[in-house]
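To start, the structure itself, in structure tokens.
What follows is calculated from the coordinates using simple rules that are stated; it is not laboratory data. Computed from a prediction, not measured in an experiment: that's the story for all the values here. Glycine gets a Cβ as well: all are built from the backbone with ideal geometry, and neighbour counts include every protein chain shown.
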Amino acid sequence: RGLTCTQPHRRSRTAPHTAQETPWWIRGDGSPEVRGRPPDFSGRGKRTRTRTINSTRHHTASIYTMMQPNPPPFLAGGTENLLGATEGKDVKRVFNYLAGCHKRENRKKVIEKKKLELAEIVDRKEEAAFEIKASSPATSATSETPMTRKMVQDLTNEAKALEAEIDGLQSEVRDLETDPSRRVEARDMDYALKTLYGRVIPRKQLEFMIWEVDENLDGGVDWEEFELMYFRNMTDQSGLEPFGMFNIVQFMTYDNDMTGRIAEDDTMATLYLRYGKDHVESQINKLFGHHAKSNGGMGVLELEDYLSTVSVRKPRKTGIVSEPDPPKKNDDEGFMFG
């Protein structure tokens, strides 16, 4: 069945679909009974899907055709089975941060604000208690001391209420971090890009980025879809697999400390495992370009520079797709994409 996109937010389909349906690779039975389509037992165990989208070159390209009788093998062993333990953990780390980060990180900011309020209340309470303790017997019968004691009691009650509120918010954050149904949505990508990298991407572009890899069309990318997106890009031989979200995720796997920039040392371990010792230096030069130390640069890339480097992908005949060559510059026509 062909899926054709003419607008980033609209996808035509030939059968009804609900967000509650389980993707075929998660069910694990290889059933062709997808999105309301009755099973065809003559061809059971096969599923053919062709996705067609409009590219940035204003032409329509066939992205992929996949026949898969069984779930992709990487789903059985996880990304660690496909990529190795180190990169697999990095991919999971990035998903754990991105999934629901807009709501989760905002809750954390509220918690920090509440903690500052609580600390201020505790300080005021201690000052009032000190005044009571330091008051002389001659002044203990005045109206000042009862007012101070009442203030201490009020501050104590206020502190207890604030502590309970903080505990509730922390519990909510823990639930958000461990929720098995958490997803990466457009607002999460927007929050991460603005907060970590100071980059603003139009909302429609982010929604289109999510749509490209949202297999069940529920408006977000869950772990299975996130993993599948990474797998397809790592094994893409056509150069036509949607890679907008993948490029950002790949940068974040390199950026372990979320500093907003990556150094050659950050990428070396991953590139070594992918391409081997003999090809590490050439891959670093491709990725960093004139920023590479071997070319006289500082050996550091920011997100903007990284995305401009990997914005073009060339078809590969075999093996895992490598990092693309940077676009060639033509003085008369600007950038040329080969």
### Message
Just to be sure I understand the model, the point goes 7 Å from the Cα along the line to the Cβ. What's the resulting Y272 to A164 distance in nm?
### Response
5.5 nm
### Query
Once both labels are modelled 7 Å past Cα along the beta-carbon direction, what's the N157-S294 spacing in nm?
7.2 nm
### Query
Once phi is turned into θ = phi - 60°, what whole-Hz ³J(HN,Hα) does the Karplus curve with 6.51, -1.76 and 1.60 give for every residue of the stretch 194-200, x standing for Gly and Pro?
6, 6, 7, 10, x, 10, 10
#### Entry: Among Y197, Y230, L287 the positive-end extreme of the charge dipole of the stretch 169-310 (Cβ point charges)
L287
### Task
Just subtract the alpha-carbon distance of S311 and S238 from 0.36 nm times their residue separation and send over the number in nm, one decimal.
24.8 nm
### Query
Hey, rough spin-label estimate for E281 and K109, points 7 angstrom out along Cα→Cβ, what's it come to in nanometres?
4.7 nm
